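Just so it is clear, none of the values below were taken in a lab; they were calculated from the coordinates. Keep in mind it's a predicted model, so treat the numbers as computed, not measured. Positions of Cβ are generated from backbone atoms using ideal geometry, with glycine treated the same way; all protein chains shown enter the neighbour counts.
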Amino acid sequence: MTKEKLDRLQMEVAARLPGAAISRLPDALVAGVSCDNLVQVMTRLRDDISLDFKILIDIAGVHYPGREAPFELVYQLLSVHKNHRIRVKLPVREDELVPSVAGVWSCADWYEREAYDMFGILFSNHPDLRRILNDYDFHGYPLRKDFPVVGRVELRYDSQRGMVVKHPVQLSRQNREPYRKSP
């Protein structure tokens, strides 16, 4: 996106979303919002004819364990007719319910389920919030930074019992040697 086009988009967004914290990347505009006004902001971005963000491309979760709000949801929006993009960032506390935007974009249903399954982020008013990638008896959230890299259990097929069984992870070596650059 050209600098002039990004300038125009920044002015439009700032005028229509006065409470949003607007920042810029070299090729994109970033709007910071809160959970209180998420659905209203997303509806405005979709329905306002001068913005026209009709497509939700993705919802990505990020885990920052050292922050007061350790999670961040990043919504990627696209306007095909205006040919511009925006990222909407939302900080989320551990115990906070995020309002679902599945009523604004129906595809958000799957993205929000993925954020729940991988990070444990909870969504209010979601039509079907359940695991989508992990088993229902899976404990933990694998994309959090505090989740063990090797996992907690390993699966193997037991031919005598004719079923898959779970065992705690047992590594033959405790830790590998740290990476060393060759001289």
If we count other beta carbons within 10 Å of each Cβ, what is the order of Met42, Met1, Met11, Met118, fewest first? Met11, Met1, Met118, Met42
What full-extension length gain, to one decimal in nm, is calculated for Asp48 and Asn125 as 0.36 nm per residue of separation minus the Cα-Cα distance? 25.3 nm
Segments 13-23, 84-94 sorted - mean Cβ within 10 Å per residue, highest first: 84-94, 13-23
Cβ-based exposure ranking for Phe138, Phe119, in which fewest neighbours within 10 Å come first: Phe138, Phe119
What's the center-to-center distance, using Cα atoms, between segment 104-126 and segment 81-98 in Å? 12
Separation of the Ile57 and Asp146 label points, Cα + 7 Å toward Cβ, nm: 3.3
Mind pulling the angle between the C-alpha long axis of helix 108-119 and the longest principal axis of the chain? Nearest 10 degrees, somewhere in 0 to 90. 40
Both in Å, the radius of gyration and Dmax of the C-alpha trace of the chain are 20.9, 69
